[in-house]
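The values are calculated or read from the model by the stated rules, or taken from the named source; none is laboratory data. Worth saying up front: this structure is predicted, and the values here are computed from it rather than measured. Neighbour counts run over all protein chains shown; Cβ positions are idealised from the backbone, glycine included. Heavy atoms of the whole protein, side chains included, go into the accessibility calculation; ligands, DNA and RNA do not. Shrake-Rupley method; radii C 1.70, N 1.55, O 1.52, S 1.80 Å.
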Amino acid sequence: MASLHPLIGSGYKGDPNHPGGKLYCHCEDAPVEVTLSSDVAFNHACGCSKCWKPANAVFSVIGVIPREKLAVTSNATKIRIVDPNAAIQRNACKDCGVHMFGRIEVDHPFKGLDFVHTELSEGAGKDGWQEPQFAAFVSSIIEQGFNPEKMAEVRGTFKEAGLETYDCLSPALMDLIAAFTAKKAGTFNSKV
């Protein structure tokens, strides 16, 4: 089976007091640099077809960080939005194609959070970023050509790594989406 992601099953554990750091695109000359002033939350393996994935990986690993804790600190002119019509506007290096961060500009439950790939740091996999917490959109890899007969093996590999698998987001994130939707519809009642 192809590698799910280099961090999955590696035994990597993050540092709960990780202060943040810098992420870099893959350009050797003048890489885009993004500085994060805190650790990420909800770091997870994602099987969707939109997320950037490292070479030979079936899943990406992506976390979120408050928008105000992310700054493009070098070569910002190399950034382009991959799909301006998508809810998550993935900002990628126009030269190497690596997605540096995803930002939501429309009314959305996650507006104010930016999506980032901490594996783009220089010490990826040993530098303290939050380890993956769960796997999301697992079945979506079938849409990208993955053999459906091997899905039990995929889920088993995640389970061995201590990660729950979902075909949406984790229950806590789905609850945030539902609360956002209920507030917009005027049906939110925190007393029931």
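Here is how the numbers come out for the structure above:
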item	result
Mean separation of Cα contacts under 8 Å, 6 or more apart, over the residue count of the chain: relative contact order %	24 percent
Span from the region 127-159 Cα centroid across to the region 74-115 one, whole angstrom	23 Å
Cut-off under 5 Å, modelled amide H: who pairs with G20 long-range	D39
Cα gyration tensor shape for the chain, rounded if a/c is under 1.5, else prolate or oblate	rounded
Cα gyration tensor, region 50-140 - rounded (a/c under 1.5), prolate or oblate	rounded
Selected from A41, A76, A172 as most flexible by GNM, with the chain as the system and alpha-carbon contacts under 10 Å	A172
The chain - accessible surface per residue (Å², probe 1.4 Å)	52 Å²
Share of carbon and sulfur in the accessible heavy-atom surface of region 33-177 [1.4 Å probe, %]	50 percent
Unsatisfied cross-links (Cα-Cα over 23 Å) in the set K53/K150; K53/K159; K13/K111; K50/K183; K53/K126; K22/K78	K13/K111; K50/K183
Ratio of the Cα radius of gyration of region 1-114 to 2.2 N^0.38 Å, where N counts its residues	1.07
Cα lying deepest toward the dipole's positive end in the chain, options N56, H108, N43, charges on Cβ	H108
Computed magnitude of the charge dipole of the chain (debye, nearest 20; Cβ of K, R +1, Cβ of D, E -1)	500 debye
Listed residues A86, A136, C25: farthest to the positive end of the dipole of region 1-153 (Cβ charges)	A86
222 nm mean residue ellipticity, helices alone, for the chain (DSSP H n ≥ 4; -39,500 (n - 2.57); rounded to 500)	-4500 deg cm²/dmol
